[in-house]
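Enquirer: Below are the structure tokens for one structure; questions will follow.
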Amino acid sequence: MMESIDLLYQYAWLVPVLPLVGAAIVGVGLISYSQTTSKLRQPAAVLIVSLTGAAMVLSFLFFWSQVQGHPTYTSMFEWAAAGDFHLEMGYTVDHLAALMLVVVTTVAFLVMIYTHGYMAHDPGYVRFYAYLSLFSSSMLGLVISPNLLQVYVFWELVGMCSYLLIGFWYNRKAAAEACQKAFVTNRVGDFGLLLGMLALFWATGSFDFQVMGDRLTNLVNTGGLAPTLAAVFAVLVFLGPVAKSAQFPLHVWLPDAMEGPTPISALIHAATMVAAGVFLVARMYPVFEPIPAVMTVIAWTGAFTALMGATIAITQNDIKKGLAFSTMSQLGYMVMAMGVGAYSAGLFHLMTHAYFKAMLFLGSGSVIHGMEAVVGHDPVLAQDMRLMGGLRKYMPITALTFLIGTLAICGIPPFAGFWSKDEILSSTFAVNPALWAIGWLTAGITAFYMFRMYFSTFEGSFRGNDQATRRQLKQAHLQRLGLSLGPGAMNPQELTLDSEDDHSGDSHHGHEPHESPLAMTFPLLVLAVPSVLIGLLGTPFANFFEAFIHPGGVAEELEAFDWSEFTLMAGSSVAIATVGIVLAVLMYRTRVIDAGAIASKIPFLYNVSLHKWYVDDLYEVVFVQGSRRLAKQVLNIDIRIVDGLVNFTGFVTLITGEGLKYLENGRAQFYALIVFGAVLGLVLLSGIT
């Protein structure tokens, strides 16, 4: 039996390779026979979903094997060598890798099923499946990477796939700009990661996580490396997760990533790109943990990001962008947990969040799909919660699953988010009460904005057919673009928006939204199960997750479990969440409190939230406009000085050449005259001096 299991581990490389094969087959078909392959919609989808399903089955087998106590399996081969320099590649399957394989493959598999319904009428249906499969393969390769160098290779592949998917609708200006913003922002973090990786290799001579940690600690303890320098190296590596997991100040790409199709929003925000950052922090724990200054930086970065994302989400009207800032906030929780040493708590929240956030994003896509039956294919209107309301009557399955996801993310027991978030808060309180206070306050804000989102979308009366509101929203959107909406307008984009609005009541669209097809509701129902139950694996009184992911410290934690402490900490987090829910009910369900009146009384705070703390505006002035001004200055220098010197040299050469050609006439008498004149000149000059 053991031999058959070991044989299975020898083929662990198939997990990332199977989706890669699907992407390669479909991709080559699109490149070579584009029109024919684009018509093979069903076969392409079946191929890619089947291969991803096979990878999921293998992942569950590895996970179960690790649960049963199989030791870590690592397979390596020499990739490059020069003298004493050796680079090895391969794969490793341990508890963390097995957990991440299950999370990534299950979410990716369900997202691909959902895609069939969501992208059914999109001309890029086959291309989207190829991108999804390549994205999943890149993340799975990252998960089983045994060293930092190989992680970096797949890290960049994940970034490339996110660029392709965020800009999938590249003919939309907003999508084209969003994918560029994501790409550039992540390059900043990745450059820091590259510098830190090379610096650690210079100091330790290895890319292996545990070896790097042990050698770096030894160097610092023996005086071979200054502690400050070691901290700088580690923080540089941390810049990679800061960008990938959208932590302040490299978070600005995440909301704009909503310009991609909703299935990829779910995959990016739940189990792939943003999870890669937290996963790398977990892998780099042997390097980070012995350096207190680095752990402090990680913890405070996460705490500030959690609070910042939550405060911005309060005023968002776009349902997908509201969820995007929610993701940013929840990732902050995970990073904060890592920073305070709550390794298993951060990973536990990573797992629970992957399922309920995937469900929330797919639920938002279902809402958008239903709204398009009313407003047409206009993302400005289809995603604005001010045109929603009352959708529970039309979309009961979507509403129920969205409510489950909302309760989970708010930390209401017994839903999954309660157990993971409570573990983070209790672990943080034991280390730093100030960080706990930030996390506690963020929990209340989270409950408020999530139920604001739920009530605005699913409760009350439906507002989608209010023509005045629709025109007002489009007018505001066009004003932000610097356009205008009115008679005689000739801007092509404006005409497109008007035409879509005019079709809202024709034969293509009805006057009421409708429930999404089974291909979209089935993944929602499946994801609802772990969103409710999976948190029970990590209860503090029977923490099976802790026993699996970090077995060394389980016995002590179980012995130290105190019901009174648990009741106090859990009660405080549920209490603040309840306050947030009650406020949301009073403002957006019963309308007892006028939210607009409150906003008018605190215009500064309202505008700070609405304008995302003005970070994007600051970056626009400093980096975008600043780089343009610098480019203009460099251009002027190039034209006036560099080109001027080159042109002046050519001009002097031309003039002297033209002048000298008249002196070269071949007459000896003329040359003698020139010599006589030169001698006479020298005599006169010497006489004067």
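Enquirer: Heavy atoms only, probe 1.4 angstrom, no DNA, RNA or ligands counted: give me ASP208, ASP594, ASP256, ASP378 ranked by accessible area, highest first.
Expert: So, going from the largest accessible area down, we get ASP594, ASP208, ASP256, ASP378.
Enquirer: If you don't mind, another one. Just flag the chymotrypsin sites (Phe, Trp or Tyr not before Pro) in the range 240-327 sitting in loop per DSSP whose Cβ has no more than 10 other Cβ atoms within 10 Å.
Expert: Here no chymotrypsin sites (Phe, Trp or Tyr not before Pro) fit, given the DSSP loop and packing criteria.
Enquirer: Still on this structure, I have one more. Per residue of the range 537-544, in order, report the coupling 6.51 cos²θ - 1.76 cosθ + 1.60 (Karplus, θ = phi - 60°) as ³J(HN,Hα) in whole Hz, putting x for Gly and Pro.
Expert: 6, x, 5, x, 8, 8, 8, 5
Enquirer: Also: Can you send over the solvent-accessible area of MET76, 1.4 Å probe, protein chains only, in Å² to the nearest 10?
Expert: Spelled out: MET76, probe radius 1.4 Å, area about 70 Å².
Enquirer: How many Å² of accessible area per residue for the range 375-444, probe 1.4 Å?
Expert: 30
Enquirer: Could you sort SER572, SER344 by their accessible area in this structure, using a 1.4 Å probe and putting the largest first?
Expert: The most accessible residue leads, giving SER572, SER344.
Enquirer: As a test of reading the structure, rank LEU20, LEU403, LEU685, LEU132 by solvent-accessible area (1.4 Å probe, protein chains only), most first.
Expert: LEU685, LEU20, LEU403, LEU132
Enquirer: Also: Considering Cα pairs under 8 angstrom that are at least six residues apart, work out the relative contact order of the chain and quote it in whole percent.
Expert: Averaging sequence separation for qualifying contacts and normalising by length gives 12 percent for the chain.
Enquirer: The range 154-210: Rg/Rh from Cα coordinates, Kirkwood Rh?
Expert: Rg divided by Rh gives 1.18.
Enquirer: If you project the alpha carbons of the chain onto the principal axes, what extent comes out on each, in Å, largest first?
Expert: Principal-axis extents of the chain (Cα, largest first): 114, 76, 58 Å.
Enquirer: So how exposed is THR653, as accessible area in Å² (1.4 Å probe, rounded to 10)?
Expert: 90
Enquirer: Relative contact order for the range 1-69 using alpha-carbon pairs under 8 Å, separation at least 6, rounded to a whole percent?
Expert: That works out to 46 percent.
Enquirer: Given the DSSP H assignment, sum -39500 (n - 2.57) over each helix run of at least 4 residues in the chain and divide by its residue total; what's the result at 222 nm in deg cm²/dmol, nearest 500?
Expert: -24000 deg cm²/dmol
Enquirer: Given 4 °C and 1.567 mPa s, compute D for the range 343-470 with the Stokes-Einstein relation, Rh being the Kirkwood radius over Cα pairs; round to the nearest whole µm²/s.
Expert: Translational D for this selection: 82 µm²/s.
Enquirer: Also, quick follow-up: State in Å² the accessible area per residue of the range 1-69; use a 1.4 Å probe, count heavy atoms of protein chains only, and round to the nearest integer.
Expert: Computed with neighbouring chains in place, this is 58 Å² per residue.
Enquirer: If you average 1/r across every pair of different Cα atoms in the range 206-272 and take the reciprocal, what Kirkwood value do you get, in Å?
Expert: 14.5
Enquirer: Please list, by residue number, every one of the chymotrypsin sites (Phe, Trp or Tyr not before Pro) in the range 17-82 that is coil in DSSP and has at most 16 other beta-carbon atoms within 10 Å.
Expert: In loop regions of the range 17-82 (DSSP not H, G, I, E or B), the sparsely surrounded chymotrypsin sites (Phe, Trp or Tyr not before Pro) are TYR33.
Enquirer: If you scale each eigenvalue of the Cα gyration tensor by 5 and take the root, what three semi-axes come out for the range 273-412, rounded to whole angstrom and sorted largest first?
Expert: 34, 14, 12
Enquirer: Probe of 1.4 angstrom, ligands and nucleic acids ignored: what's the accessible area per residue over the range 142-202, in square angstrom?
Expert: Accessible area per residue: 40 Å².
Enquirer: Take the alpha-carbon positions of the range 252-319, form their convex hull, and give its projected area averaged over all directions (one quarter of the hull surface) in nm².
Expert: Approximately 5.3 nm², given one-decimal rounding.
Enquirer: What is the Rg over Rh value, at two decimals, for the range 71-195, using alpha-carbon atoms and the Kirkwood definition of Rh?
Expert: 1.05
Enquirer: Relative contact order (percent) for the range 23-130, with alpha-carbon contacts under 8 angstrom and 6 or more residues of separation?
Expert: Relative contact order, the range 23-130: 40 percent.
Enquirer: So, with a 1.4 angstrom probe, what is the percent of accessible area on the chain that is carbon and sulfur?
Expert: Result for the chain: 68 percent of the exposed heavy-atom area is carbon or sulfur.
Enquirer: Something else now. What figure in square angstrom, to the nearest 10, would you give for the accessible area of LEU8 with a 1.4 Å probe?
Expert: 50
Enquirer: Separate question: Roughly how compact is the range 341-380, stated as its Cα Rg over 2.2 N^0.38 Å to two decimals?
Expert: Relative to the rule-of-thumb radius for its length, the range 341-380 sits at 1.79.
The values are calculated or read from the model by the stated rules, or taken from the named source; none is laboratory data. Bear in mind that the values here come from a model prediction, so they are computed numbers and not experimental data. All Cβ positions, glycine included, derive from the backbone under ideal geometry; neighbour counts span all protein chains shown. For the accessible areas, the whole protein counts, side chains as well, though only heavy atoms, and no ligand, DNA or RNA atoms are used. Shrake-Rupley method; radii C 1.70, N 1.55, O 1.52, S 1.80 Å.
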